[in-house]
Amino acid sequence: MASLNEKIVSLKKERKAVILAHNYCLPEVQDIADHVGDSLGLSLIASESDADIIVFCGVTFMAESAKILNPKKKVIAPEPYATCPMASMCTAEQIIDARKCYRGASVVGYVNSSASSKAEMDVCCTSSNAVGVVSSLKEKDIIFVPDMNLGAYVASQVPSKNMILWSGYCPIHQAITEQNISDLKEKYPNASVVAHPECRKDVLDMADMICSTEKMFNYVKTSDSKEFIMATEIGMRHRLSKECPDKKFYFIDHALCSVMKMTSLSSVVRALENIGPEVILDEDTMRRAEGPLRKMIEMK
Ligand code: 13P
Ligand code: SF4
């Protein structure tokens, strides 16, 4: 009987599909993907893909972005209930109201948001390009949604802007504390600290490097350090250990994003067999959300 991996290989060929997976996905899912990366990298691949079907392993906002950038293609989210909790912390209506309070401000939205919220933004950003996106805008007042930690980090890097921060956050990164890092630092005093900008300020203040998941690989590979304390989600361990076998990585045990772990090999097989569940968004939302996403891509 064919293994799940074999089934995926043959179904993928049959369906002319490409499989994208985020860096936090389960190791076995990362291993069968055509591309593994961060939100920005995967959006770029999705926007340039010539495959008939895009299977997006990760969370739903990522699959939605792929659909918005490829409105004519079938985009499949193998686990349609794998929703990032931060994405529901800022609604389209709230953005419309915020604009009334801060007239003339530009709305910059983290891609960890719903398609309907994106439709109300001026430009999107990811953790990889947020500083660049904000600094390139002509407006001084910036409403930054929904991640308060990423917003505060951007504010610290672009002091010329008046950043109006939302109160959203990632529950996984928010739960990483200064104490967690100092405990690991005590055990591994020579380790460098690498943190995702979704972490709180007290954690970021302890970091040697603050960056998106994909940039973490470049940093670790080029760093002279041999040990790293990783203030991010534990799914990163898989690629880090594979690509840097001579280095050691220490994670915070509770930094686990359960929605990122929902997609399994079985769900990918089911998705390829059924060509679904397909991401379906209404035309108007897609058209309006495409502008802020494309603007971000053009700014890269
Ligand atoms: P990256 O774009 O850095 O991969 O981050 C996505 C995310 O959801 C982090 O929690
Ligand atoms: Fe959302 Fe946080 Fe999970 Fe990333 S790690 S998908 S921000 S809940």
Just need a number here: residues in the range 213-232 that are open to solvent by 40 Å² or more (accessible area, probe 1.4 Å) and either under 19 Å from residue 40 (Cβ atoms) or in a loop (DSSP other than H, G, I, E, B) (or both). 7
Just one listed residue, out of 130, 87, 77, 155, is away from ligand 2 (no atom under 16 Å from the Cβ) and open to solvent by less than 40 Å² (accessible area, probe 1.4 Å), and it is 155
Residues that are open to solvent by less than 60 Å² (accessible area, probe 1.4 Å) and more than 16 Å from ligand 1 (Cβ to nearest atom), drawn from the range 16-26: 17, 18, 19
Can you report the number of residues in the range 178-195 which are within 16 Å of ligand 2 (Cβ to nearest atom) and open to solvent by less than 10 Å² (accessible area, probe 1.4 Å)? 2
Please name all residue pairs, on different chains or six or more residues apart, with Cβ atoms under 8 Å, provided the first residue is in the range 249-262 and is at pLDDT 95 or above and the second residue is small (Gly, Ala, Ser) and not in a loop (DSSP other than H, G, I, E, B). 249/241; 252/231; 255/231
Whichever residue in the range 34-74 is in contact (Cβ under 8 Å) with a residue 40 or more places away in the chain, over 17 Å from residue 124 (Cβ atoms) and open to solvent by less than 10 Å² (accessible area, probe 1.4 Å) and, among such residues, is nearest to the chain's Cα centre (by Cα): 57
Give the residues of the range 241-298 that are part of a loop (DSSP other than H, G, I, E, B) and loosely packed, with under 15 Cβ neighbours inside 10 Å, sorted by residue number. 245, 246, 253, 254, 258, 280, 282
Considering (1) within 16 Å of ligand 1 (Cβ to nearest atom); (2) small (Gly, Ala, Ser); (3) outside any loop (DSSP other than H, G, I, E, B), say which one residue 113 fails and leave the rest. (3)
Any chance residue 147 is among the charged types (D, E, K, R) and in contact (Cβ under 8 Å) with a residue 40 or more places away in the chain: yes
Which numbered condition residue 130 misses (of (1) farther than 22 Å from residue 97 by Cβ; (2) out of contact with any Leu (no Cβ under 7 Å at 6 or more places or on another chain); (3) among the hydrophobic types (A, V, I, L, M, F, W, C)): (2)
Looking at the range 116-168, which of its residues are within 15 Å of ligand 1 (Cβ to nearest atom), under 19 Å from residue 205 (Cα atoms) and not β-branched (Val, Ile, Thr)? 127, 128, 130, 147, 148, 149, 150, 151, 153
Give me the pairs: first residue in the range 165-178 and within 17 Å of residue 114 (Cα to Cα), second residue within 10 Å of ligand 1 (Cβ to nearest atom), beta-carbon distance under 7 Å, and six or more apart or on different chains, which are they? 168/86; 168/147; 169/86; 169/147; 170/86; 170/147; 170/198
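The values are calculated or read from the model by the stated rules, or taken from the named source; none is laboratory data. Here the structure is a predicted model, which means the values were calculated and not measured. All Cβ positions, even for glycine, are placed from backbone atoms using ideal geometry, and neighbour counts span all protein chains on display. These accessible areas exclude ligands, DNA and RNA; they are computed on the full protein's heavy atoms, side chains included. Shrake-Rupley method; radii C 1.70, N 1.55, O 1.52, S 1.80 Å.
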